[in-house]
1. Mind running the shape call on region 110-258? Use the C-alpha gyration tensor, a ≥ b ≥ c as the square roots of the eigenvalues: rounded below 1.5 for a/c, prolate if a/b tops b/c, oblate otherwise.
2. May I ask you to list, by number, the DSSP H helices of the chain whose Cα span along the axis is at least 18 Å and whose average Kyte-Doolittle hydropathy reaches -0.5 or more?
3. Classify region 145-233 as rounded, prolate or oblate, taking a ≥ b ≥ c as the square roots of the eigenvalues of its Cα gyration tensor: rounded when a/c is under 1.5, otherwise prolate if a/b is larger than b/c and oblate if not.
4. Once you have the Kirkwood Rh of region 128-170 from its Cα pairs, apply Stokes-Einstein at 37 °C and 0.692 mPa s and quote D in µm²/s.
5. Roughly how many percent of the accessible protein surface of the chain is carbon and sulfur, given a 1.4 Å probe and a whole-percent answer?
6. Could you rank Y129, Y157, Y137, Y104 by how accessible they are, 1.4 Å probe, largest area first?
7. Using a Förster distance of 60 angstrom, determine the FRET efficiency expected from the C-beta separation of F292 and K43, and round it to 0.05.
8. Which length gain, in nm to one decimal place, applies between D147 and Q162 when the Cα-Cα distance is subtracted from 0.36 nm times their residue separation?
Amino acid sequence: MTTIIAFIFVFGLIVFFHELGHFLFAKRSGILVRDFSIGFGPKIFAYRKKETQYTLRLLPIGGYVRMAGEDGEVVELKPGYRVGLILNDDEIVTKIIINGKDQYQDVQPLEVSGSDLEKELFIEGYEEYDEERIVRYQVASDAVVIDGKIETIIAPYDRVFQSKSLGKRAMTIFAGPLFNFILAIIIFTILAFVSGSVPSNEPEIGQVMDNGAAQEAGLKQGDEVISINGKAMDSWQDIFSTVEKSPNKELDFKVDRDGKTQDIEVTPKAEKTQDGTSVGKIGVAQPGSDSFWTKITYGFTQTWFWITQIGHVLGQMVTGDFSLNMLNGPVGIYTSTQEVVSYGFLTLLNWTAVLSINLGIVNLLPLPALDGGRLLFFLYELVRGKPLDPKKEGMVHFIGFALLMVLMLLVTWNDIQRAFF
């Protein structure tokens with residue numbers, strides 16, 4: 001049960017922030033947002049405030065922001081429709097009732113002869129007792145069309161996604177991945193202050209563990225490592241990599257201790273990894289820093305570190321040095337979360353930040369059906385001077401989505417095999 005709760009927390013948080021980015025920038029651009037939904041499947045909770053419905057669904061593995069012009073939801077009143085109109089004190093239509101007119105009072109019957117609910121915002125037709133004279137009413141920009149129990153707010157052209165400038169559309173799409181990076185920065189910064197210190201990449205020895213090779217050789221916390229076997233050490237990562245590659249091999253550490261240079265011979269102990277290979281360990285922790293500035297900047301530096309690491313993996317995909325085991329679907333993430341939970345809440349937060357970065361980067365890939373694919377079409381529009389035909393773009397996204405679903409099925413099946421077989 002703990003793993004399930006943790007999985008819902010992790011996925012829910014990163015999806016919420018991703019969709020929040022789309023939502024806030026859409027609102028700022030004046031786009032009508034019909035639905036802000038977290039999860040897929042059956043509704044658990046729904047709440048409408050003004051023009052947007054906020055929905056929580058059963059499966060916490062995704063979400064969406066449904067914007068006018070992107071949802072295919074077009075209100076069309078054909079000539080001959082018999083509707084009921086509700087007017088305000090200024091004789092402006094606020095509700096157009098297609099079905100269920102008997103449930104409302106003070107309804108003005110009208111047989112529609114023409115309408116424009118996008119640009120001119122009017123509806124005209126014949127009143128019930130005068131079928132010779134056409135009357136015309138202005139329609140409010142936030143008028144509601146009611147068809148039984150379904151209520152749809154009309155979308156004037158200036159409120160639809162396609163009516164906005166290229167810059168506003170691009171930022172609305174880019175904001176999703178951007179907010180995933182922002183979430184990671186926030187989490188890493190919180191972890192820095194809660195932990196009291198943050199890992200440093202300086203070429204120094206951190207805490208020395210009891211009975212480790214470092215303690216036995218005489219290394220001490222705070223020793224600055226100048227070189228190992230004559231090779232300069234510029235960072236903690238250099239030290240870590242050198243030691244890891246040298247199980248049971250004697251290494252000559254040249255260190256600076258209190259301004260004096262010393263040579264210390266250390267032999268890393270061999271430890272087996274899960275795949276059966278041996279790596280060297282000397283029993284020291286990464287150095288840390290507790291300065292306020294380091295804690296403030298840690299969120300940014302750690303986020304950038306993971307962006308480069310994930311980018312390296314994606315680079316392997318391009319060069320062909322790629323295995324399906326490099327990818328995790330929901331099943332793989334669930335099993336990994338199960339292990340992470342055992343290390344405590346702070347480790348879970350760190351895992352959440354890494355996954356948020358991963359989601360942001362993956363969504364920026366220039367693939368159809370992803371945010372990066374849409375940004376690529378915007379770039380095409382910028383260069384060409386006009387957008388691609390919507391039907392053609394929609395077909396490309398549909399094919400891309402289908403291929404992504406196939407890949408997701410393969411990854412999920414691979415996750416299941418690794419976890420249970």
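1. The shape class here is prolate.
2. What comes out of the filter, once short or polar helices are dropped, is 2-28, 166-195, 292-319, 345-363, 371-384, 390-420.
3. Prolate, because a/c is 1.5 or more and a/b exceeds b/c.
4. 241
5. 57
6. In descending accessible area the options line up as Y129, Y157, Y104, Y137.
7. Calculated transfer efficiency: 0.85.
8. Length difference between fully extended and current span is 2.8 nm.
The values are calculated or read from the model by the stated rules, or taken from the named source; none is laboratory data. For clarity, every value in this text was computed on a predicted model and none was experimentally measured. Here Cβ is always computed from backbone atoms with ideal geometry, including for glycine, and neighbour counts include all displayed protein chains. Quick note on the areas: whole protein, heavy atoms, side chains included, nothing else; ligands and nucleic acids left out. Shrake-Rupley method; radii C 1.70, N 1.55, O 1.52, S 1.80 Å.
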